[in-house]
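The values are calculated or read from the model by the stated rules, or taken from the named source; none is laboratory data. Keep in mind that what you see is a predicted model, and the values were worked out from it rather than measured. Neighbour counts run over all protein chains shown; Cβ positions are idealised from the backbone, glycine included.
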Amino acid sequence: MAIWVKAAAAAGLSVMISSVAISAAFAEQLKLGVSLPLSGPASLAGTSIREGIEFAVKQANQKGGVFDQDVKVFIEDDEGNPTKGVTAVRKLIEQDHVVGISGTYVSAVAAAESKVAKEYKVPMISAGSTSSAVTDANTAGDPWFFRAFPGSRAQAKQTASDTLKKLNAKTVAVLYENSIYGKSLADEFKSNYEGIGGKVVAMEAYNPGDKDFYSSLTNVRAQSPSAVYIAGLMDSGAQIIKQAGELGVQTQIVGSGSMMSDKLIELAGPASEGFAVSSMFEPSTPNKHGAEFAKEFRAAYKKEPDVYSAIGFDSMGLLIEAARRAGKPDGAAMQKQLLNMPDFPLSQGPDRTTAKFDDKGSVEFKVGLAIVKNGKREWLPFD
Amino acid sequence: MRAIFLILVAAATLAIVSTVFGGGYAINIAIVVCIYVILASSLDIVMGWTGLFSFAHAAFLGIGAYTAAILGRDFGTTFWLNLPLGMIVAGLFGFLLGLPLLRAQGHFLAIMTIAFQTIVYLVLSQWTDFTGGQYGIEVEPVAGFTTLSSYFYLVLVIAVICLIAIRFLTQSRLGDALQAIRDDETLARTIGMNTKAVKLVALAISSAFAGGAGVLLAYHIRGVTPDDYTVLASASIVAMVVLGGRGRFWGPVLGAVLLTALPEMLSILTDYKHIFYGGVLILVTMFAPQGLAGKFSRWRAR
Amino acid sequence: MILFQQFLANGVVVGSSYVLVALGLTLIFGILKIVNFAHGEFYMLGGYVAVVGTQVLGIGPLPSIVLVIVVMVMLGWFIERAIFVPIAKKDPTNVIIASFGLSILLQNIVLKIAGPEPMLARSGLPRGAIQIGNIFLTSERLAIVALAAVTVTALLVVLKYTWIGLSLRAMSENATVARICGINVRRVGVVTFAIGAALAGLAGALMATVFTVQPNAGSLIVMKAFVIVVLAGMGSIEGAIIAGLALGIVESLVTGYLGNGLRDIVGFIFVMGVLTIRPQGLFGIQTDRS
């Protein structure tokens, strides 16, 4: 037994030594990780974000890569599940030796993963998780989880003010998905909207993936609010818009950022006319960097980019640039660079939006509002 | 005694393989393996030894995890108190579910466990004030075991203790009684056995172990969120027991190790691992209905 | 009262789809005694076949329904023969596990082929609301109720007047006696399974015109179908019709008066309650098995 243990330990040691030697020879290659929900209900957004991420990598490698080598990306499916996510992040760091991670989409999973990444001093950049709680958990001045777009607090604040001032709706019924994403947006919306003088007449939760809203909307109709705010994902959002039309709910409908999709207009049909959605990115964006991304993405994938592909593109682009500036594939050096990149352009937000992270790792820019007209979203100018 | 020796050898092998050959990722998987070994073995107490199909094991896992998280949040209790309390609360729920459950017949029993599982999940995700809803609750790491590898040794020791306890249990008079019920309940009743009480005790013990595993999981992820405690998780625990082999001590252990580690090895095939997983379940039930442990012992007997 | 009428109408529409799914399950679960978790995936596949029919092939709604039924009968036939029969021969309890594996397999194959985006089957019916008194509905929703009624009637006729119906009823009474009386249990089994799959597929196809279809569309509805079958009593067709409509209506009322969050929990609480009081199911008969 003792001999066996010794032999095993010796073998293990030699494997470790040789793996150190191998990694030294290739130390210059930049390895980055991705954690996204690629199966399960959240994969709807996950697959779109993945395209944006892969596009950013492809672009970087076409330009000669980083440190004279192609950037290598490892993609893990976290299934939108916290346990799987924690395992995925450990695997990316321990086994694949990544120095930065783009991920993830589900806020609850991002919260669990960010604790692990921080432990290893590997910076993470959100790939769609919106809840402000995850960046709030960062130590001020030393964040390891970054988000290159405004969190739920800023998004909801902007939507609340747009709903009241731009759309002139004095009373609102809120329908929100019972997830961190939906609930944080709905809570922030309510406090902001009431803070500036609006009135929330109803707050109604629904379960992720719900499709039938006739009964909820029947109640909404009875309260006749001047607007309905939906905080949730595209599939349920399309159903709410369509069914509101069928039930004769004659109000302005406002949706959260994840409903910024052409598929929603297709699924909701004519009922989507007049639908307002909070929007950080449009293919027709006035943001010059974003417009260029849209053009190249369209040429490469033969389809329109959406807010998800833009989020993925920015998230991965930031990691690659941070490594390039750090001069070596090292997580701690990259984190320092990320805190000092106010010149790096983002594809989201108004023109000349840059990655100016605050001391909690979040970026603030003005969130736009788009309104569907003749089956197309039209962006209202940023004011 | 041979079994206990084998448990210790297996645990030592796991410890050496994951700490010497692998890094944090391997240790992370080893922790999850230990937790699922406890779960599968404890489910086998009711499934393999008494023939009750339970699709509610992840609910007890969740009850244990949330008990620890809520006690820690509201009363600041530590791991050493939360672990036994998590087991007791889960065991109590198992006992309470058992009262109506054991009156039901055949397939109704399985449906009832599914209903219970779904209710627990919906309560965890919707009773926001108490359970934190989808936000869940944060859990501080166990004092003195804050690093991954030290926590792994803690989990490993607890898993070994659980396995030895389960081994003793199934070899004891209670185990004999359970087996008698599985083989012929009417006969067991005729010879004067209080079959219902025996089954109730088995269910409570099995749930308590699952609750303990839940406490370990909560401290491992350092938090609880409802999505770890779905009917899908329950079904995969059942799958572990079936794949490994029901009513054999090593069956559930083998099934838990395989089904936890397999998807990780498959993640090179990230895109196809679920298809593969589903296919494996069908093929195993077709070609090795007694599980891999059953196949193995038959092969050895030959 | 105006609200109540609308809630009731909503409940009948959703309940009609529950009835179709539960009818298939009550044949498979109640009579063949197969616990098939993949029944929800039959529902989902029916939806996708309808999308293929109406969107890709462009063959119109009615031919698409025929296509759904043909495809699902074939699939049900194949799965019963290739997977469930061989497993049940060795150990019937393992069928649960195999069906769970099948459910994961089908969901993820579809995810790979069709992607996660929701898809809509085109009904070709006029869009927009129809107002009946105080109730708003769409022609598609009315069509679901109508088609469900037609299907249920057809099924009742088949069960009453054909050999398969006769054998089924005999089997649901007592499988052993049925076999002794010369009923070809295997043939009845496969036909029943195929009919059950087709009913689930039909429900999925109808619902895909209103609620769209996604790879995981069947995972919740199969649980509800189990609830309905247990409440209705194993293998009871009439019971499944009543319990399916009742569940749809109760869910709609709960959503309307208590909130959306509680909708999915009521059915499960109800089934726990019923089985606590009546361990043999609502309409079941107490039997002691040894």
Legend entry - Lone qualifier among B:238, B:198, B:231 - being hydrophobic (A, V, I, L, M, F, W, C) and at pLDDT 85 or above: B:238
Inset, instruction - Considering only segment A:258-270, state which residues are more than 9 Å from every other protein chain (Cβ to nearest Cβ) and modelled with pLDDT of 85 or more. - result: A:259, A:264, A:265, A:268
Inset, instruction - Just give me the residues in segment C:119-142 being part of a helix (DSSP H, G or I) and either more than 14 Å from every other protein chain (Cβ to nearest Cβ) or among the hydroxyl-bearing types (Ser, Thr, Tyr) (or both), in sequence order. - result: C:139
Inset, instruction - Inspect segment C:164-177 for any residue being closer than 23 Å to residue C:12 by Cα, small (Gly, Ala, Ser) and modelled with pLDDT of 80 or more and give the result as yes or no. - result: no
Legend entry - Count of segment C:88-118 residues which are crowded, with 21+ Cβ neighbours inside 10 Å, under 30 Å from residue A:51 (Cβ atoms) and facing another protein chain (nearest Cβ under 7 Å): 6
Inset, instruction - Examine segment A:221-232 for a residue that is in contact with a Pro (Cβ under 9 Å, 6 or more places away or on another chain), within 19 Å of residue C:261 (Cα to Cα), surrounded by 24 or more Cβ atoms within 10 Å (Cβ to Cβ) and within 12 Å of another protein chain (Cβ to nearest Cβ), and state whether such a residue exists. - result: yes
Legend entry - Pair list, Cβ under 8 Å, 6 or more apart: segment C:243-261 residue outside any helix (DSSP H, G or I), other residue among the acidic types (Asp, Glu): C:259/A:204
Legend entry - Some residue of segment A:51-74 being within 11 Å of another protein chain (Cβ to nearest Cβ), at negative phi and part of a loop (DSSP other than H, G, I, E, B): no
Inset, instruction - Considering only segment B:201-302, give the helices (runs of 4 or more DSSP H) lying wholly within it that have at least 3 residues that are of a type in the set (Lys, Arg), away from every other protein chain (no Cβ under 13 Å) and over 24 Å from residue C:83 (Cβ atoms). - result: none
Inset, instruction - Report the residue count in segment C:44-77 for those that are modelled with pLDDT of 90 or more and within 13 Å of another protein chain (Cβ to nearest Cβ). - result: 3
Legend entry - Filtered residues of segment C:208-221 (kept if among the aliphatic types (A, V, I, L, M), more than 10 Å from every other protein chain (Cβ to nearest Cβ) and within 22 Å of residue B:114 (Cα to Cα)): C:221
Inset, instruction - Give the residues of segment A:21-52 that are within 19 Å of residue A:331 (Cα to Cα) and at pLDDT 85 or above, sorted by residue number. - result: A:29, A:30, A:31, A:32, A:33, A:34, A:35
Inset, instruction - Could you check, for segment A:246-258, whether at least one of its residues is in a helix (DSSP H, G or I) and closer than 24 Å to residue A:150 by Cβ? - result: yes
Inset, instruction - Kindly indicate whether any position in segment C:195-207 is free of Cβ contacts under 8 Å to residues at least 40 places away in the same chain, β-branched (Val, Ile, Thr) and more than 14 Å from every other protein chain (Cβ to nearest Cβ). - result: no
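Yes/no matrix, rows are residues, columns are (1) closer than 19 Å to residue B:125 by Cβ; (2) among the basic types (Lys, Arg); (3) more than 8 Å from chain B (Cβ to nearest Cβ):
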site	(1), (2), (3)
C:233	no, no, yes
C:245	no, no, yes
C:248	no, no, yes
C:265	yes, no, no
C:268	yes, no, no
C:276	no, no, no
Inset, instruction - Please state which one of C:182, C:133, C:124, C:165 is surrounded by fewer than 19 Cβ atoms within 10 Å (Cβ to Cβ) and under 30 Å from residue C:57 (Cβ atoms). - result: C:124
Legend entry - Neighbours by Cβ (under 8 Å, 6+ apart or cross-chain): first from segment A:272-293, closer than 24 Å to residue A:344 by Cβ; second of a type in the set (Phe, Trp, Tyr) and buried (at least 24 other Cβ atoms within 10 Å of the Cβ): A:280/A:149; A:287/A:281; A:290/A:281; A:293/A:313
Inset, instruction - Scan segment B:177-198 for residues that are away from every other protein chain (no Cβ under 14 Å), surrounded by 13 or more Cβ atoms within 10 Å (Cβ to Cβ) and either at positive phi or of a type outside the set (S, T, N, Q) (or both) and report the count. - result: 4
Inset, instruction - For segment C:144-162, enumerate the residues that are more than 14 Å from chain A (Cβ to nearest Cβ), crowded, with 16+ Cβ neighbours inside 10 Å and under 16 Å from residue C:65 (Cβ atoms). - result: C:147, C:148, C:151, C:152, C:155
Inset, instruction - Have a look at A:178, A:138, A:168 and point out the one that is at pLDDT below 90 and within 14 Å of another protein chain (Cβ to nearest Cβ). - result: A:178
Inset, instruction - Kindly establish whether residue A:146 is within 24 Å of residue A:305 (Cβ to Cβ), surrounded by fewer than 23 Cβ atoms within 10 Å (Cβ to Cβ), at pLDDT 90 or above and among the hydrophobic types (A, V, I, L, M, F, W, C). - result: no
Inset, instruction - Would you point out which residue out of B:39, B:85 is farther than 26 Å from residue B:294 by Cβ and part of a helix (DSSP H, G or I)? - result: B:85
Inset, instruction - Quick one: in segment A:76-109, of everything that is of a type in the set (S, T, N, Q) and surrounded by fewer than 24 Cβ atoms within 10 Å (Cβ to Cβ), which residue is nearest to residue A:123 (Cα to Cα)? - result: A:95
Legend entry - Selection from segment A:25-37 of residues that are surrounded by 24 or more Cβ atoms within 10 Å (Cβ to Cβ) and not small (Gly, Ala, Ser): A:30, A:32, A:34, A:36, A:37
